[in-house]
Amino acid sequence: MARDNQRQQNRDRRPRSTNNEEELDQSPDFVYGFHAAMEVLEGDHDVNKVFLQTGLNEKNAQAILKAANKRNILVSNVPKEKLDTLSDGGNHQGVVMAIAAYKYAELEDIFKKAEEANEDPIIMVLDGIEDPHNLGSILRTADASGVHGVIIQNRRAVGLTQVVAKTSTGAIEHVPVVRVTNISKTIDLLKERGVWVFGTDMKGQSMWQMDAALPIAVVIGNEGKGVSPGVKKHLDGMITIPMRGHVQSLNASVAAGLLMYQIYQSRMGNS
């Protein structure tokens with residue numbers, strides 16, 4: 001196919017996203033929960049301070065202290081009530097961390113991750129996802145299923161918040177997240193890099209039939225409205241998840257999870 005040949009020729013081109021204006025501000029944020037905290041401490045994210053509950057389970061407390069001391073991060077022992085306030089009543093499991101706000105990746109970081117794994121890219125594009133729990137769950141599944149990066153929208157969509165970090169159980173540290181102003185223009189950039197971009201819709205090709213061996217990006221639409229009409233015009237096609245029940249719709253993170261694992265299973269089977 002002429003288009004396929006053109007994309008193959010363009011795959012070595014390296015257009016970079018220009019999303020510096022969209023970076024998170026550097027005001028402090030909070031991450032809470034033992035596993036999420038350990039992921040941050042064992043990564044390279046900036047941590048301002050660790051708040052540890054007095055009388056915390058010794059094994060967990062020692063693990064937090066060891067990781068914090070290794071990075072020379074201040075640890076403060078505080079009562080449970082303090083952590084309840086810092087986490088806004090969340091399930092903090094005895095640890096809350098004040099961190100620098102999460103930074104977004106560049107589009108190039110996604111391709112770099114795929115290259116380092118010697119794989120064609122798998123990318124999830126989120127068109128207006130608003131629920132932080134959905135974004136956190138998608139990041140968690142993306143990490144588990146080998147997705148190389150996630151692209152989110154700058155406006156009218158959720159960003160990388162503490163709820164997202166908590167829900168992702170640490171995956172936020174491992175999956176590059178790129179925030180862009182215009183999803184449609186970003187899709188065109190992906191096409192220039194040889195990526196085939198598909199949306200999700202009730203009417204489309206069955207996900208059982210999609211060619212997951214291609215460099216591929218899948219667009220997941222807004223929880224209520226789905227993929228926006230403007231974005232659909234830029235897609236290579238639509239994919240549908242076969243369903244036999246009476247309710248012909250799925251939660252956004254569930255739909256994303258099914259598609260990510262279909263791609264993962266297909267590639268593993270081919271290899």
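The values are calculated or read from the model by the stated rules, or taken from the named source; none is laboratory data. In this text, all values refer to a predicted model and were calculated from it rather than measured experimentally. Cβ placement follows ideal geometry from the backbone for every residue including glycine, while neighbour counts extend to all protein chains displayed. With ligands, DNA and RNA removed, areas are computed over all heavy atoms of the protein, side chains included. Shrake-Rupley method; radii C 1.70, N 1.55, O 1.52, S 1.80 Å.
A few points about this structure:
- For segment 128-170: span of alpha carbons on each principal axis (Å, largest first): 27, 19, 11
- Taking only the alpha carbons of the chain, we obtain Rg and Dmax values of 19.9, 66 Å in that order.
- Violating pairs (Cα-Cα greater than 18 angstrom) within the set 49/80; 113/185; 185/232: 113/185
- Accessible heavy-atom area order of 58, 39, highest first, probe of 1.4 Å: 58, 39
- Taking amide H as placed 1.01 Å from N in the peptide plane, the amide H of residue 51 sits under 5 Å from that of 76, 96, 97, 98, each at least 5 places away or on another chain.
- Only helical runs count toward this figure. For the chain, summing -39,500 (n - 2.57) over DSSP H runs of n ≥ 4 and dividing by all residues gives -11000 deg cm²/dmol at 222 nm.
- Amide H to amide H distances under 5 Å link residue 179 with 105, 152, where only residues 5 or more positions off or on other chains count and H is placed in the peptide plane.
- For segment 145-197, a/c is not less than 1.5, where a ≥ b ≥ c are the root eigenvalues of the C-alpha gyration tensor, and a/b does not top b/c. That puts it in the oblate class.
- Accessible carbon and sulfur surface of segment 149-254 relative to its total accessible area, %, 1.4 Å: 53
- Per principal axis, descending, Cα span of segment 130-271 in whole Å: 37, 36, 30
- Distance cut-off 16 Å, percentage of C-alpha pairs in segment 107-154 lying past it: 39
- Fraction of beta bridges assigned by DSSP in the chain that are antiparallel (%, nearest 5): 30
- Accessible surface calculations at 1.4 Å, restricted to protein heavy atoms, place the chain at 50 Å² per residue.
- Dipole in debye (nearest 20) - the chain, about Cα centre, beta carbon charges: Lys, Arg +1; Asp, Glu -1: 340
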